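A.B. asks: This is the structure, below, for whatever I ask next.
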Number of protein chains: 2
Amino acid sequence: MATIRDVAKLAGVSVATVSRVLNQNGYVNEETEKRVRQAIKKLNYKPNEVARTLFKKTSKTIGLIVPDISNPFFPELVRAVEDVMNIYDYTVILCNSDEKNEKEKEYMEVLKQKYVDGIILTTNQLELDEVSEINVPVVVLDRPLNHSFPSVIADNYGGARLATRHLYEIGCRRIAHIQGPSHVVNAVERFNGYRDEMKELGLWDERLVILGNYQLKQAKEAVLQALKEYDIDGIFAGNDAMAVGALKAVQQLGLRVPEDVAIIGYDGIPLTEMTTPELSTISQPIYEMGAIAARILVKKIEGKPLEQIHYVLPVELIERQSTRKGERK
Amino acid sequence: MATIRDVAKLAGVSVATVSRVLNQNGYVNEETEKRVRQAIKKLNYKPNEVARTLFKKTSKTIGLIVPDISNPFFPELVRAVEDVMNIYDYTVILCNSDEKNEKEKEYMEVLKQKYVDGIILTTNQLELDEVSEINVPVVVLDRPLNHSFPSVIADNYGGARLATRHLYEIGCRRIAHIQGPSHVVNAVERFNGYRDEMKELGLWDERLVILGNYQLKQAKEAVLQALKEYDIDGIFAGNDAMAVGALKAVQQLGLRVPEDVAIIGYDGIPLTEMTTPELSTISQPIYEMGAIAARILVKKIEGKPLEQIHYVLPVELIERQSTRKGERK
DNA sequence: CTGAAAGCGCTAACAC
DNA sequence: GTGTTAGCGCTTTCAG
């Protein structure tokens with residue numbers, strides 16, 4: 001690998017001059033510049049980013065901490081972040097935290113030691129004492145975190161009300177909710193939306209709340225159980241995987257979807273189009289969330305002002321067969 | 001952020017000594033060491049990885065280039081790589097190439113400039129002239145590439161024969177194949193396996209080959225078309241997404257799976273358990289592939305010898321409802 | 001056992 | 001316009 005000194009030598013100039021043409025800063029004679037460029041080309045010289053980083057304290061790299069990339073909600077989010085960062089010549093270090101505060105902390109530390117320019121974080125908690133130590137731009141993604149950090153989330157509460165209301169409107173009255181893990185903030189917000197809507201509709205009954213832990217299998221088992229114990233004609237699942245679990249449970253008991261039990265999921269991942277019947281869902285603008293978070297981070301890194309700190313993106317009801325009105329009795 | 005000089009000053013020793021205790025290299029007085037450790041703790045000193053990298057030319061970072069993380073085959077692979085690299089204290093830069101040679105090249109360049117210690121690559125082609133320029137350990141993953149690089153792939157050819165034979169054994173005789181993109185090596189290998197098996201069974205008919213481009217929707221349309229034109233009683237899809245497409249097409253035409261048409265996919269992604277009926281598939285050991293690739297890379301980085309250069313992992317037939325023998329007429 | 005000094009490859013004053 | 005120099009924070013000879 002050629003260094004800047006090699007280039008300087010070949011071009012017969014000082015390294016400073018080479019640096020100047022490289023960074024287009026300062027004046028340099030046209031002729032000289034030409035010679036330098038030739039030397040660069042001839043040696044196929046590429047500046048050493050590490051040396052540059054050491055000096056400038058900026059690495060053109062960001063950290064992206066997600067709970068688990070193999071959870072089907074995250075790949076699209078990650079892809080969006082990578083796409084946008086790539087435009088701005090940033091590279092993305094991917095970290096899986098498994099929702100564990102400890103792993104998050106460790107990664108944050110490692111990322112800081114690598115001089116990352118910023119971090120995009122999908123987390124539920126961030127202990128306050130740590131926060132103060134963070135001197136790297138941070139953007140919080142997907143999870144509402146009441147901090148001063150910029151954040152990009154979708155309207156979980158509103159989406160949940162929308163889903164619940166939709167089931168009501170197609171005629172459901174005994175509407176169950178499969179709730180995600182209570183330590184995940186947006187699972188709680190979705191529950192809150194469901195509860196408030198149900199109360200407003202005068203349908204609230206806490207026995208209709210089922211725990212599914214965001215997992216297909218757990219949701220399936222829980223729904224199997226619940227269907228035997230209670231009369232249920234609609235299910236709002238806290239995420240799409242659990243909606244599939246519900247679908248399987250309902251079908252296993254020989255009931256029809258949506259005729260006997262209507263089902264709606266949450267997230268809008270591609271999976272919902274692959275089931276039979278296809279699942280209605282509350283679709284989050286996943287790609288957009290990631291893209292906006294990335295753009296905000298770039299602005300923060302570049303020290304530009306943000307027009308907005310907290311983004312709450314709207315969600316959208318996607319009606320598919322699992323809640324098709326005409327198909328209900 | 002404290003530097004090593006701060007620590008040295010506080011402990012009343014030279015930076016060399018601090019470096020020695022940090023890297024446990026060279027001898028240092030027990031007392032002195034204690035003082036140094038105290039100073040480190042007091043200042044909460046963490047060595048600057050960038051400076052270290054500049055000197056040692058090793059960054060404890062690797063690059064992972066995949067076609068597209070939002071393709072459901074890759075998240076698990078990526079997760080496996082990250083998990084293993086994390087054990088060895090490496091960090092992973094994720095790159096999406098969209099199967100484009102140009103993007104791959106660019107990323108390789110950027111990664112090298114960042115002094116990554118190695119690269120894991122999922123690609124079909126690698127032009128020879130580039131290869132020679134690469135002076136970073138590389139491991140090729142998921143795609144057979146006839147190069148000297150170590151590689152980890154699954155037995156695509158064998159898996160395809162297995163799938164085809166399975167359909168035959170449950171009674172199918174007009175077995176169609178939905179083929180993936182012809183520029184993706186393992187799609188071609190799967191086709192080859194299908195063709196050879198069909199020929200051996202004396203069932204080969206090139207009109208039974210359908211193009212699906214690895215996409216659900218394209219596969220669905222193509223199957224819809226094919227089912228109208230030809231007599232087909234079994235479908236072997238080149239990946240799971242296309243199997244779902246086939247399933248949808250068959251169901252849309254009012255045919256039953258597996259009674260009228262049996263379907264088997266390829267890959268074994270979680271999705272296959274979510275459809276109704278659940279899809280049979282050839283399951284690849286995805287996580288293991290990623291994990292092995294990562295371990296190999298670490299060995300190469302550490303300069304240790306590899307017991308094996310080219311890994312071809314076995315695949316497994318997963319029989320589910322979509323090819324359930326008892327359910328066929 | 002420990003310190004001084006050089007240098008990884010680059011950039012940014014500061015002179016000329 | 002261009003070169004000289006110091007230094008980013010660390011590690012490693014080389015002396016002592």
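Coordinate-derived values only; no laboratory data. In this text, all values refer to a predicted model and were calculated from it rather than measured experimentally. Note: ideal-geometry Cβ built from the backbone for every residue, glycine included; neighbour counts use all protein chains shown.
A.B. asks: Any idea which of A:16, A:48, A:28 is furthest toward the positive side of the dipole for the range A:4-56, if Lys and Arg beta-carbons carry +1 and Asp and Glu beta-carbons -1?
C.D. replies: The Cα lying farthest towards the positive end belongs to A:48.
A.B. asks: Using Cα-Cα distances under 8 Å and only pairs 6 or more residues apart, what relative contact order does chain B have, in percent?
C.D. replies: 16
A.B. asks: What is the mean number of Cβ atoms from other protein chains located within 10 Å of the Cβ atom of each residue in peptide A:75-83, rounded to a whole number?
C.D. replies: Per residue, the number of nearby Cβ atoms from other chains is 4 on average.
A.B. asks: Right, something else. Report, as an integer, the average count of C-beta atoms from other chains found within 10 Å of each Cβ along B:108-117.
C.D. replies: Counting Cβ atoms of other protein chains within 10 Å of each residue's Cβ and averaging gives 4.
A.B. asks: Next question, about the same structure. Compute the relative contact order of the range B:156-284 as a whole-number percentage, counting only Cα pairs closer than 8 Å that sit 6 or more residues apart in sequence.
C.D. replies: 24
A.B. asks: Spelling out what I want: for every residue of the range B:260-273, take phi, set θ = phi - 60°, compute 6.51 cos²θ - 1.76 cosθ + 1.60 (Karplus), and round to whole Hz; glycine and proline get x.
C.D. replies: Running phi through 6.51 cos²θ - 1.76 cosθ + 1.60 with θ = phi - 60° gives 8, 9, 8, 9, 9, x, 8, 2, x, 7, x, 2, 5, 8 Hz.
A.B. asks: I need the phi-derived Karplus couplings for the range A:162-175: 6.51 cos²θ - 1.76 cosθ + 1.60, θ = phi - 60°, integer Hz, Gly and Pro marked x.
C.D. replies: Whole-Hz 3J(HN,Hα) from phi for the range A:162-175: 4, 5, 5, 4, 4, 4, 4, 5, 8, x, 6, 10, 9, 9.
A.B. asks: Give me, ordered by chain and number, the residues 5 or more places off residue B:211 or on other chains with an amide H under 5 Å from its own placed amide H.
C.D. replies: B:179
A.B. asks: Highest GNM mean-square fluctuation, chain B, Cα pairs closer than 10 Å: which of B:270, B:75, B:314?
C.D. replies: Sorting by GNM fluctuation, first place goes to B:270.
A.B. asks: Give me, ordered by chain and number, the residues 5 or more places off residue A:119 or on other chains with an amide H under 5 Å from its own placed amide H.
C.D. replies: A:63, A:138, A:139
A.B. asks: Just how large is the dipole of the range B:4-56 about the Cα centre, in debye to the nearest 20, putting +1 at every Lys and Arg Cβ and -1 at every Asp and Glu Cβ?
C.D. replies: Around 140 debye, computed over the range B:4-56.
A.B. asks: Sticking with this one: Gaussian network model of chain A, Cα springs within a sub-10 Å range: biggest mean-square fluctuation belongs to which of A:49, A:102, A:30?
C.D. replies: A:30
A.B. asks: Arranged by the count of other C-beta atoms within 10 angstrom, fewest first, what order do B:139, A:312, A:140 take?
C.D. replies: Going from sparsest to densest Cβ surroundings: A:312, A:140, B:139.
A.B. asks: Expressed as a whole percent, how much of the Cα-Cα distance distribution for the protein assembly as shown exceeds 35 Å?
C.D. replies: Tail fraction, whole percent: 51.
A.B. asks: Compute the convex hull volume of the Cα atoms of the range B:4-56, divide it by the residue count, and report the result per residue in Å³ as a whole number.
C.D. replies: 70
A.B. asks: Quick one: Karplus J couplings for the range B:97-106, per residue in order, coefficients 6.51, -1.76, 1.60, θ = phi - 60°, nearest Hz, x for Gly and Pro?
C.D. replies: So the J values, rounded to whole Hz, are 9, 6, 6, 8, 4, 5, 5, 4, 4, 4.
A.B. asks: Can you list residues from other chains, or at least 5 along the same chain, whose modelled amide H is less than 5 Å from the amide H of residue B:313?
C.D. replies: Amide H neighbours of residue B:313, under 5 Å, 5+ apart: B:153, B:154, B:155.
A.B. asks: Then there's this: Could you tell me the distance between the Cα centroids of the range B:173-212 and the range B:10-34, to the nearest Å?
C.D. replies: When both Cα centres are located, 66 Å separates them.
A.B. asks: Running a GNM on chain A with Cα contacts under 10 Å, which residue among A:55, A:149, A:74 ends up with the highest mean-square fluctuation?
C.D. replies: A:55
A.B. asks: Which of the three applies to the range B:156-284, rounded, prolate or oblate, going by the alpha-carbon gyration tensor with a ≥ b ≥ c and a/c under 1.5 meaning rounded?
C.D. replies: Verdict is rounded for the range B:156-284.
A.B. asks: Over the range A:4-56, what is the relative contact order in whole percent, taking alpha-carbon pairs under 8 Å and six or more residues apart?
C.D. replies: 36
A.B. asks: Okay, moving on. Give me the dipole magnitude in Debye, nearest 20, for chain A about the Cα centre, with unit charges on the beta carbon: positive for Lys and Arg, negative for Asp and Glu.
C.D. replies: Once rounded to the nearest 20, the dipole reads 1320 debye.
A.B. asks: So if each residue of separation counts as 0.36 nm, and I subtract the Cα-Cα distance between residue B:44 and residue B:29, what length gain in nm does that give?
C.D. replies: Between residue B:44 and residue B:29, full extension yields 3.2 nm more.
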